[in-house]
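The values are calculated or read from the model by the stated rules, or taken from the named source; none is laboratory data. All values reported here derive from a predicted model rather than from experimental measurement. A quick note on method: Cβ atoms are made from the backbone with ideal geometry, for glycine too, and the neighbour counts reach across all protein chains shown. Side chains included, ligands, DNA and RNA excluded: accessible areas come from the protein's heavy atoms. Shrake-Rupley method; radii C 1.70, N 1.55, O 1.52, S 1.80 Å.
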Amino acid sequence: MNEAVSVVYATHRHDPAFQWFADGLANQLCDEDVEVIVVDGQFCEDRTAQFEEAVAGRFALRHVPAKPNPLNGPHRLTSVEYFAASSARNTGIVYASKPYVVFVDDASVPMPGWWSEVVEAARHQYLVGGAYQKHREMRVERGNLVSSEPSGIDHRWDRGDDRRVVPLSGGHLYGCSMGIPRAVLLDVNGFDELCDSIAGEDYQLGLRLENAGHRLFYSRRMLTIESEEHHAVGPRLIGLEQSTLPEREYRELLRHFGVDRRHTDGPFDASHMVLDILHGREQRRSLGNPYLLSHLGPEQLATLTEVFPQRHWFSGQALSEL
């Protein structure tokens, strides 16, 4: 089995605490075939030097700009920066050269055993969600968590097992630490950019993967610890997940997507619309991506500005007015 892995580390922060991850990963590596792709929403050449210094030649590093998207970055159409995690994660899939892709959050530390779980998943090509915890006042030395104060526990934890992976529902797949074969990601056309400005792109992907017939697993041993303080530090990207429509307009938009009824309860907002569409269509492939990931290479990313939508898919408002 091919155990080669591309790790996608997406960030939009001024200080993503990348040294923590670089040291933590290097501590666990033997001679595996691994590359780390830093997808950087704050890309500049000076930051390349910073990331390279953190890696110090211990593993292969690619520092790349987040691909053009209409919601943030130098090509945005909006007046302010909006959250666009799907677009950033899809950038990593484009650049990934290995058959297995792992996504990790910034400002986090991989705990001992994390990498061996990644290798096991890559060896057998299964889809896995890793565990996470949030901590405060983290002190990290050479990739080791020396002291901290727990502040948030993974709600999936009690369903897990310290000895083996256990089945995971698609709605509980979280982007903080997860691994998926690249071929599977291409087959469903990556993360759905309907979720950009809304979030929830991780569990929406999980539900689509279930619809496509894939089994997902949860690993306690694939554990990362995230810094609560770092995740609260800007730049703060705006979300539109609570944007609402009158009920009549909401249902008209659902019909536009070929869905004749709601499949969720709750407000008539963008977050629920994404799920109503997914369940109503038994969706497998992304709907908001105006491209095929399987046809994209790094050299084609600059052309994506030609297919930018001019209006937000949910509100219908011109992006230039947002």
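Out of the residues in the range 1-13 that are polar (S, T, N, Q) and either free of Cβ contacts under 8 Å to residues at least 60 places away in the same chain or in a strand (DSSP E or B) (or both), which is nearest to Phe43 (Cα to Cα)? That would be Thr11. Looking at the range 153-167, is at least one residue of a type in the set (Phe, Trp, Tyr) and surrounded by fewer than 19 Cβ atoms within 10 Å (Cβ to Cβ)? Yes, the range 153-167 contains a residue that is of a type in the set (Phe, Trp, Tyr) and surrounded by fewer than 19 Cβ atoms within 10 Å (Cβ to Cβ).
Of the residues making up the range 213-266, just one is modelled with pLDDT of 95 or more, within 24 Å of Asn69 (Cα to Cα) and in contact with a strand residue (DSSP E or B) (Cβ under 7 Å, 6 or more places away or on another chain), namely Thr244. Taking the criterion of being buried (at least 22 other Cβ atoms within 10 Å of the Cβ), of a type in the set (Phe, Trp, Tyr), in contact with a helix residue (DSSP H, G or I) (Cβ under 8 Å, 6 or more places away or on another chain) and over 24 Å from Val140 (Cβ atoms), the only residue of the range 83-111 that qualifies is Tyr100. The set of residues in the range 57-74 that are touching a residue at least 12 places away in the same chain (Cβ under 8 Å), closer than 17 Å to Arg142 by Cβ and open to solvent by 70 Å² or more (accessible area, probe 1.4 Å) contains only Arg58.
Scanning the range 305-322 for residues that are part of a helix (DSSP H, G or I) and open to solvent by 60 Å² or more (accessible area, probe 1.4 Å), we see that the one that is nearest to Leu71 (Cα to Cα) is Ser320. Here is the figure for the range 14-32: residues that are closer than 15 Å to Thr224 by Cα, more than 19 Å from the chain's Cα centre (by Cα) and part of a loop (DSSP other than H, G, I, E, B) total 0.
Within the option set Arg136, Arg123, Arg142, Arg164, being touching a helix residue (DSSP H, G or I) at 6+ places or on another chain (Cβ under 6 Å), of a type in the set (Lys, Arg) and farther than 30 Å from Ile198 by Cβ holds for one residue only, Arg142. Of all residues in the range 41-84, those satisfying the criterion of being at pLDDT 95 or above, touching a strand residue (DSSP E or B) at 6+ places or on another chain (Cβ under 7 Å) and of a type in the set (A, V, I, L, M, F, W, C) are Phe51, Val55, Phe59, Ala60, Leu61, Val64, Ala66, Leu71.
Of the residues making up the range 226-253, those that are assigned to a strand (DSSP E or B) and either touching a Leu at 6+ places or on another chain (Cβ under 6 Å) or open to solvent by 80 Å² or more (accessible area, probe 1.4 Å) (or both) number 1. Of all residues in the range 265-290, those satisfying the criterion of being open to solvent by 30 Å² or more (accessible area, probe 1.4 Å), out of contact with any Ser or Thr (no Cβ under 8 Å at 6 or more places or on another chain) and part of a loop (DSSP other than H, G, I, E, B) are Asp265, Gly266, Glu282, Arg284, Arg285, Leu287, Pro290. Is it the case that Leu185 is crowded, with 17+ Cβ neighbours inside 10 Å, in contact with a His (Cβ under 7 Å, 6 or more places away or on another chain), under 17 Å from Val104 (Cβ atoms) and not acidic (Asp, Glu)? In short, no.
For the range 122-173, residues that are in a strand (DSSP E or B), touching a residue at least 40 places away in the same chain (Cβ under 8 Å) and among the hydrophobic types (A, V, I, L, M, F, W, C) total 8.
Within the range 33-50, restricting attention to residues that are of a type in the set (A, V, I, L, M, F, W, C) and under 20 Å from the mean Cα position of the chain (by Cα), which residue is surrounded by the fewest Cβ atoms within 10 Å (Cβ to Cβ)? Per the stated criteria, the residue is Phe43.
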